[in-house]
Amino acid sequence: MTQVLDPLVIMALAINFVALGVSRIRSVINAVAAQGILLGLLPFFVHQEIGLRGIALVAVTIALKGLVIPTLLIRAMREANIQHEVTPVINYMSSLLLGAVGTALALVFSYTLPLAEEHTGLLLVPASLATVWTGFLLLTTRKKAIMQVLGYLVLENGIFLFGLLLLEAMPFLVEIGVLLDLFTGVFVMGIIIHHISREFASISTEHLTELKD
């Protein structure tokens, strides 16, 4: 099982660097969608028997992260007529460097955590911490609202990765509640993007302070 799980987790980690190093918004949306689909498949390889509850979680995760939310973001991107994140707070090379440092520290820190014996050798915990760090970087260093939404998605992907270790213990309603919170957050950000693009020539969140009722 680990022989399949670890390559999938490494692919999800590689997508973090794509999100940090690419300026074309459509490419970042596609990368985050691919990451969402990968994470949706991971429960099959983390737990031998996930039951109907786990299968439902997989289906909802893939549908929301891989299809519904990316479609909404692509539509918002087209309506706002924006293709690139041109001037991030931190340039792309520095973002990649910070992402690499964060990933290395996540690997080191994960070995200090008191994990269950069956989880000790898995890459899920360091991948989770590194993905949360990547999402935080996107949220704080990108000016375009769509890119910040993508940062929120990546951050939630990291939380989801860590939650896979607790899949058998977490109530189903809590798992679905997290996904619904994610969907609600993206929906609200879509409304904000619409208002920014309607009032201004760009969708930079720098204009949020100028929006009024």
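Looking at the stretch 66-113, which chymotrypsin sites (Phe, Trp or Tyr not before Pro) are DSSP coil and have at most 11 other C-beta atoms within 10 Å of their C-beta? If you can, show how the numbers build up before the last one.
Details: sites: 92, 109, 111; in loops: 111.
Counting only loop positions with at most 11 other Cβ atoms within 10 Å, the chymotrypsin sites (Phe, Trp or Tyr not before Pro) in the stretch 66-113 are 111.
Name the residues whose placed amide hydrogens come within less than 5 Å of the amide hydrogen of residue 123, ignoring near sequence neighbours (fewer than 5 apart) on the same chain.
none
Bear in mind that the values in this text are calculations on the coordinates, not laboratory data. Bear in mind the structure is a predicted one, so any value in this text is a computation, not a measurement. FYI the Cβ positions are ideal-geometry reconstructions off the backbone, even for glycines, and counts take in every protein chain you see.
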